[in-house]
Amino acid sequence: RHWLQPVGLPRLLVDSPVHKARPRTTRRVSGMFSGMGPVVAAALAATVLLPIKAAVLPTRPLDEVANDTLLIHTPFILAHDAGSGYLDAKHNVVYKWTKTQDGGLGAALECGARAFDARPMVQNGKLIWHHGSVAIDYSFAQSVEDTVQWLAGHPTELVLYMIWDCEGDGCSDAVDKALAARNVTTIPDCSALTTLTAAEAAARGRLASGGSLVAVTGTANSNGVACSQGNYDPSIACSGFGAATSTAESPQELSYGCWKSDSTRQKPIAQMNKYLDGVNSQGLPTQSFVQAQALWQESDDSVVLGTLRNSSLLVDELKSGLNAMVASEIAGGRWPNLRMVEVNNVCDGGNVLLAALRNRTL
């Protein structure tokens, strides 16, 4: 089925294996440290201040997409660093700033993810997942099986594995073998995306058990996942040092945070909105996928400040309501050119975000 090719606290954190691994990747070790009516838009807007645990709106099926719509113009929720969802971060401060998803790939699919930032690794002869130098001991092949099983119950859906940052001797060959074992179609040549439609990709990636699975393995562009423009901006963090306003005087005002309870949250929220405005201004993609990283990046400062208040990447997303905010803005007509929206903690409102994207785009 391979139609193109066979297949102290600050020092503790700064010296952590994940933090030190940043230079090893071509993108970053990140995630560690209108078509809808006014009633629907208003309903989504009302959710911005509340955590979302399940879809509240029906999502239009992918098979309603026009046959001539390019795959790179099709809406996808991209689960950032998807394999990190298998980590148990309860008692490990480094894992708290490595884990970007609350569950494995099967759970992420239930929550609205339709594409995965996939980073495999060969360790001791076994193909698993990783984030930087942190190995994630869950079988890559089992993740593929989990995805195939989910698709069997959702036969109209198309799922993408965006495979990059493959680490360890023989990693690419091991990935090809695992994909071939489940008859998964691959796209190793990014130039194919200039003409490939979503309908064609779904047809070529069709599984005998139902649904479609395609693995994109071509070279990343500018700090992105496979065949993608990454648009990585390390400055978009939940918290940091620096006055949130020009009139800040007290020590508490010389740092800022993104939580809904933070009086200084307007600074990181404004930075996020400005960033997404900039990605949207690039227009629709023409040659590759374009990631809109609607997630809090981590910096030394944000990890230290976050750890001091017992936070994590998952908690920062939850307490800021970021996924809900992005869904509300998209439902209201903002950022019409965003197609591949990348998030942390997809199980906090991912289905609502997917509904907003699809109901506007398809």
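The values are calculated or read from the model by the stated rules, or taken from the named source; none is laboratory data. Everything quoted here is computed from the prediction, not taken from an experiment. Virtual Cβ from ideal backbone geometry, glycine too; neighbours counted across all protein chains shown. Heavy atoms of the whole protein, side chains included, go into the accessibility calculation; ligands, DNA and RNA do not. Shrake-Rupley method; radii C 1.70, N 1.55, O 1.52, S 1.80 Å.
Among the residues that make up segment 246-254, is at least one of them of a type in the set (Ser, Thr, Tyr) and at pLDDT 95 or above?
Our first condition is that a residue be of a type in the set (Ser, Thr, Tyr); within segment 246-254, this holds for 246-247, 250.
Next cut, at pLDDT 95 or above only: none.
No, because not a single residue in segment 246-254 is of a type in the set (Ser, Thr, Tyr) and at pLDDT 95 or above.
Within segment 289-308, if we keep just the residues that are within 17 Å of MET272 (Cβ to Cβ) and among the polar types (S, T, N, Q), the residue that is most open to solvent (accessible area, probe 1.4 Å) turns out to be SER299.
If the condition is being closer than 23 Å to LEU109 by Cβ and open to solvent by 60 Å² or more (accessible area, probe 1.4 Å), then segment 178-201 contributes ALA181, ARG182, ASN183, GLU200.
Residues are listed down the side, and each one gets a yes or a no for (1) open to solvent by less than 20 Å² (accessible area, probe 1.4 Å); (2) assigned to a strand (DSSP E or B); (3) closer than 15 Å to ILE163 by Cβ:
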site	(1), (2), (3)
GLY85	yes, no, no
ASP88	no, no, no
TYR95	no, no, no
GLY106	no, no, no
ASP117	yes, yes, yes
VAL122	no, yes, yes
LEU127	no, yes, yes
HIS130	yes, yes, yes
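Set side by side, the residues LEU353, LEU318 differ, and just one is at pLDDT 95 or above, in a helix (DSSP H, G or I) and open to solvent by 10 Å² or more (accessible area, probe 1.4 Å), which is LEU318. Checking each residue in segment 211-231 for being part of a loop (DSSP other than H, G, I, E, B) and open to solvent by 10 Å² or more (accessible area, probe 1.4 Å) picks out THR217, THR219, ALA220, SER222, ASN223, ASN231.
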